[in-house]
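Values in this text are rule-based calculations from the coordinates and carry no lab data. Please read these numbers as outputs of a predicted model, since none were measured by experiment. Because the Cβ atoms are built from the backbone with ideal geometry, glycine has one as well, and the counts that use them run over all protein chains shown.
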Amino acid sequence: MTADHSAPPGFALDGAAGDSERAFTYATGGMRLTGLVRTDSSKPRLAAITAVPADPGKTLSAAQIKSIPTGALLAAVQSLLGIERQAADSGEMSASTPSRRTRAGSDDLLRELAEVYLEETAPGRPRGHLDRIAVRLGWPKNTVSTRLARARKQGWLGPAINGRAGSDPGPRLIAARHAEQASIGPAPDEGPNEREARQHRMLDFAERAGNLYDEIFSEGREPRASNQEQHPDG
């Protein structure tokens, strides 16, 4: 996700310049707002919004819901879109830089989703995992299903099992976990630059693992996961 000093504190916009639909998060007034905006016209339009308490132990009041600053939210989106266009026009945004930044933001999002999904579908958890994930992440339920399909395709989760909730961690999630473990407690003779280089190597390995996973699916060696998460519990 990308943020800018011209946007309100706590606001971040996901996606790449030119996308017709962008996801956002906005922390304000004791709430965590998430949703989608349409950006395929001269002015951004709110397509979906979900509000959850910033503190999971609390509930939103009617006054908080009425105070959701949709105007400020759309103005922030408009401001960030303008900055992206200016950067593209002036040549300040190279062809590789935005793709790496967007990929990192998307990877963080799918990594978080994969971890939450595995928690909510662990043995002993009740039915209704999609509803719980939607509440925990502040996304519409349809968005959860769509992004779960992306997480599987990109190797953050293993293939879906028809008629059953749950799956194994994908190769990218496994590699990312190893990368984190490798970054804890550097060797006594390891400097900060060496430690950072090692982390980058592990993260690059995670990306290559995901690419290989996607190639295997594309070649039809394993059954493709469905485009939507479909389980009996809905």
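So what are the ³J(HN,Hα) numbers for region 26-35, from phi and the Karplus equation (6.51, -1.76, 1.60; θ = phi - 60°), rounded to whole Hz, Gly and Pro as x?
Calculated HN-Hα couplings, in order: 8, 9, 7, x, x, 10, 10, 9, 9, x Hz.
Under 25 Å Cα-Cα from K43, which lysines qualify once same-chain neighbours fewer than 8 residues away are excluded?
K43 reaches K66.
Note down the nm distance, to one decimal, between modelled labels 7 Å out along Cα→Cβ at S61 and at A48.
3.0
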